[in-house]
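See structure below.
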Amino acid sequence: MTTGHLHRDNNFDALRLVAATLVILSHCWALTGSVVDPVVVLTQGHLYAGQLGVWVFFAMSGYLVTRSFVKRRSLWAFAEARSLRIYPAFGIAVVFGVFVGALATTLPLRAYLNDIGTWAYVSRNLLFDIRFELPGVFAHNPFPNAVNGSLWTLPLEAMMYVVVAILGVTALLARRVVAGAVLVAAIAVLIAEPSWLGVLPMLGSPLYAVPAIAFLLGMLMAQFRDDIPCRGGIALALLAAGVVSVHAGPEIGTLYACFATSYCTFWLAFHRVRVRIPESIGDVSYGLYVYAFPVQQLIVWLDPAIGPWGLFCVALPVTFMLAWFSWHLVEKPALALKGVLALPLLRTT
């Protein structure tokens, strides 16, 4: 999930940490075979914590990625920035899944490493054609066979970058009213017929529709930031109405909750009270997201009797450590290459 720079005059960094933690928390219930996470209880079975975390991520991503293109006004610079942000840690996460699988597989190590399924996991995932299974890995876990379920959102993230790029190179992002009309129309289409998102490569699953809507809402906020009021009273009213909407049916309730969550995300992001993430910690949210699932599955494999809260208490600090190393050794150095890779292309255009 895309990020902005640390210490900007907003709370995006802190909100990303909250969103990643919500996803980890939700998975602690699913991966231990438990019935409901705390958000499921609060919403009487209509929403779960992972949904909220993903919507927060995509709403912020839509905002920041759109601003990124408008700032750069160059397809090559935009593609460079997005690739450097998302791909290095993603690639490491794929390899990390293979390493975790080597510890947990029921196959002999040589057979595991030579298995076509292992190489398919690496090659297909690196192309964003997401594969979750590795041979002989986590077959008897309560949530069987899945090595890194969190990767399912990465194809959508990549395809939404393409959407932003298309709107950018066609100059629609420079025409706010036209861009706004296109975005509203796209949201309306996805509400009426979510399967239409399948026209984009790799997005055939209906699960992608609501996060895509959150991303488009973020794009709208980026275009009309000065015209859309971010006020606590509106946020509270939306949340109160959300309590009623969850009883109107799963589809209506989920869509409304996505709209309310997206609005509340931006209200918190631009709130006058700032929550600073120290530079010594860095932006660990993406690492938390892409490394947590295999860590959690491995912990459950090692201790099948562990409960959801126990898993959360063990997995969060372990994943945080991995995410810290990822930010400081992989992601931050990769971002320092911005302007280097695209420079030869920019000189020829």
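Take the alpha-carbon positions of the stretch 67-170, form their convex hull, and give its projected area averaged over all directions (one quarter of the hull surface) in nm².
Quarter of the Cα hull surface area: 7.2 nm².
I'd like the FRET efficiency for ILE234 and ALA120, computed as 1/(1 + (r/R0)^6) with the beta carbon distance as r and R0 of 30 Å, rounded to 0.05.
0.05
Rounded, prolate or oblate, given the Cα gyration tensor of the stretch 1-140, with a/c below 1.5 counting as rounded? Kindly include the intermediate steps, with their values, before the conclusion.
Working: a/c = 2.85, a/b = 1.25, b/c = 2.28.
Since a/c reaches 1.5 but b/c is at least a/b, the shape of the stretch 1-140 is classed as oblate.
Relative contact order for the chain using alpha-carbon pairs under 8 Å, separation at least 6, rounded to a whole percent?
Working: 485 pairs, mean separation 105.1, N = 349.
Relative CO of the chain lands at 30 percent.
Once label points are set 7 Å from the Cα along Cα→Cβ at both ALA181 and ILE166, what is their separation, rounded to one decimal in nm?
Roughly 1.8 nm, to one decimal.
Using +1 at the Cβ of each Lys and Arg and -1 at the Cβ of each Asp and Glu in the stretch 12-342, identify which of ILE277, VAL100, VAL295 lies farthest towards the dipole's positive end.
ILE277
Just tell me, in residue order, which DSSP H segments of the chain are both 18 angstrom or longer along the helix axis (alpha-carbon based) and at least 0.5 in mean Kyte-Doolittle hydropathy. Could the numbers behind the result be given before it?
Working: long enough: 12-31 (28 Å, 1.54); 49-72 (34 Å, 0.67); 75-104 (42 Å, 1.42); 154-169 (23 Å, 2.08); 176-192 (24 Å, 2.56); 209-223 (21 Å, 1.89); 232-245 (19 Å, 2.11); 250-269 (28 Å, 0.81); 285-302 (25 Å, 1.03); 308-326 (25 Å, 1.54).
Those that pass (Cα extent of 18 Å or more, hydropathy at least 0.5) are 12-31, 49-72, 75-104, 154-169, 176-192, 209-223, 232-245, 250-269, 285-302, 308-326.
Using only alpha-carbon positions, what ratio does the radius of gyration of the stretch 12-342 give when scaled by 2.2 N^0.38 Å?
This ratio for the stretch 12-342 stands at 1.00.
So if we plug the beta-carbon distance of ALA305 and LEU109 into 1/(1 + (r/R0)^6) with R0 = 25 Å, what FRET efficiency do we get, rounded to 0.05?
0.40
Once you charge only the Cβ atoms, +1 for Lys and Arg and -1 for Asp and Glu, what is the size of the charge dipole of the chain about its Cα centre, to the nearest 20 debye?
Details: 21 positive and 16 negative charges, 232 e Å.
The dipole of the chain has a size of about 1120 debye.
Arrange the following residues from fewest to most other Cβ atoms within 10 Å of their Cβ: VAL300, VAL65, VAL177.
In order of increasing Cβ crowding within 10 Å: VAL177, VAL300, VAL65.
Kirkwood hydrodynamic radius of the stretch 264-303 from all distinct Cα pairs, in Å?
12.9
Quote the FRET efficiency, to the nearest 0.05, computed for LEU329 versus ALA192 with a Förster distance R0 of 45 Å and r equal to the Cβ-Cβ distance.
FRET efficiency, LEU329 to ALA192: 0.50.
Laboratory data are not the source of any read-out in this text; all were calculated from the coordinates shown. These numbers come from a predicted model, not from an experiment. Cβ coordinates were reconstructed from backbone atoms using ideal geometry, including for glycine residues, and neighbour counts include every protein chain displayed.
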